[in-house]
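Here is the structure we will look at, set down as structure tokens.
The values are calculated or read from the model by the stated rules, or taken from the named source; none is laboratory data. Because the structure is predicted, anything quoted here is derived from the model rather than measured. All Cβ positions, even for glycine, are placed from backbone atoms using ideal geometry, and neighbour counts span all protein chains on display.
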Amino acid sequence: MDLKTKELVNKGVMLPLMEEFYTIQGEGNHTGTAAYFIRVGGCDVGCHWCDVKESWDANLHPPTHADIIVENANKYAKTIVITGGEPLMWDMQYLTSSLQNKGLQTHIETSGAYPLSGQWNWICLSPKKTKLPLEGIYPEAHELKMIIHNQNDFLFAEEEAAKVSAKCTLYLQPEWSKKEKMTPLIVDYVMKNPQWKISLQTHKYLNIP
């Protein structure tokens, strides 16, 4: 990467774009909504069950000018979901302000492990034990999505829920490879603790990206 490109990446004017695609949001509060996904490369959180590990190495994904990403997104839905990888490894201000200037809704899916940047209509915070969120993101989160891989994750979910604001919707989502085992436990837990809701990866059930 040449010096000029590196400078633009550092400013968030260019981003290591892994992929972008138009689909249906499959998880959380906006399940069933048509959305344009922008997947940014780079992540050091290291979830062992991550289904996009190819996103981890930012060097594998070519720096792409944010103006091109915005132009592509504007052809499709009004809801734009920025995900990764961990998108907050990069400065999101230029991209999100450009999207919002087009009248688009900006959503992010993040572990919260890096400082919050950008302008957001919806923040989905999904904390991971391997690299905990920074304190500043908890009051900003609209949605807390806790992945349940084993029984100990219920305790972790409650610990994280205690840190978010009252406006934040709480979701428990079974980790896909453990869904047969964990889904019944989640159903039982939510019935006993109705402040929580269930999130499912419906896009996988529907066999769409």
*Please work out which one of (1) over 19 Å from CYS50 (Cβ atoms); (2) touching a His at 6+ places or on another chain (Cβ under 8 Å) is the condition ILE198 fails and give its number.*
(2)
*For LEU15, state whether it is surrounded by 22 or more Cβ atoms within 10 Å (Cβ to Cβ) and more than 29 Å from LEU170 (Cα to Cα).*
yes
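For every residue, the table says whether it meets (1) in contact with a His (Cβ under 8 Å, 6 or more places away or on another chain); (2) aromatic (Phe, Trp, Tyr).
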| residue | (1), (2) |
| --- | --- |
| LEU3 | no, no |
| MET18 | yes, no |
| PHE21 | no, yes |
| GLU27 | yes, no |
| HIS65 | no, no |
| GLN100 | no, no |
*Considering the stretch 16-49 alone, what residues qualify as being out of contact with any Leu (no Cβ under 7 Å at 6 or more places or on another chain), of a type outside the set (Ser, Thr, Tyr), touching a residue at least 12 places away in the same chain (Cβ under 8 Å) and assigned to a loop (DSSP other than H, G, I, E, B)?*
GLN25, GLY26, GLU27, GLY32, GLY42, CYS43, ASP44, VAL45, GLY46, CYS47, TRP49
*Counting only residues that are under 13 Å from GLU20 (Cβ atoms), at pLDDT 95 or above and not aliphatic (A, V, I, L, M), which one in the stretch 77-125 is farthest from the chain's Cα centre (by Cα)?*
PRO87
*Of the residues HIS142, HIS203, HIS149, which single one is under 26 Å from ALA35 (Cβ atoms), more than 17 Å from the chain's Cα centre (by Cα), surrounded by 15 or more Cβ atoms within 10 Å (Cβ to Cβ) and not acidic (Asp, Glu)?*
HIS149
*asked:* I need the full set of residues from the stretch 175-197 which are of a type outside the set (Phe, Trp, Tyr) and either loosely packed, with under 14 Cβ neighbours inside 10 Å or touching a Lys or Arg at 6+ places or on another chain (Cβ under 8 Å) (or both), in order please.
replied: SER177, GLU180, PRO184, VAL187, ASP188, VAL190, MET191, LYS192, PRO194, GLN195
*Can you pull out the helices (runs of 4 or more DSSP H) entirely within the stretch 93-209 that have at least 2 residues that are closer than 30 Å to ASN74 by Cβ and in contact with a Cys (Cβ under 8 Å, 6 or more places away or on another chain)?*
none
*Inside the stretch 139-168, can you point out the residues that are among the acidic types (Asp, Glu), without any contact (Cβ under 8 Å) to a residue 12 or more places away in the chain and under 17 Å from TRP122 (Cβ atoms)?*
none
_For VAL40, only one of the following conditions fails: (1) aliphatic (A, V, I, L, M); (2) more than 29 Å from LYS167 (Cβ to Cβ); (3) touching a helix residue (DSSP H, G or I) at 6+ places or on another chain (Cβ under 7 Å). What is its number?_
(2)
_Of all residues being assigned to a strand (DSSP E or B) and touching a helix residue (DSSP H, G or I) at 6+ places or on another chain (Cβ under 6 Å) in the stretch 63-87, which is farthest from TRP122 (Cα to Cα)? Just the residue, please._
PRO63
*Hey, could you check the stretch 190-200 for residues that are hydrophobic (A, V, I, L, M, F, W, C) and under 11 Å from THR31 (Cβ atoms) and say which is farthest from the chain's Cα centre (by Cα)?*
ILE198
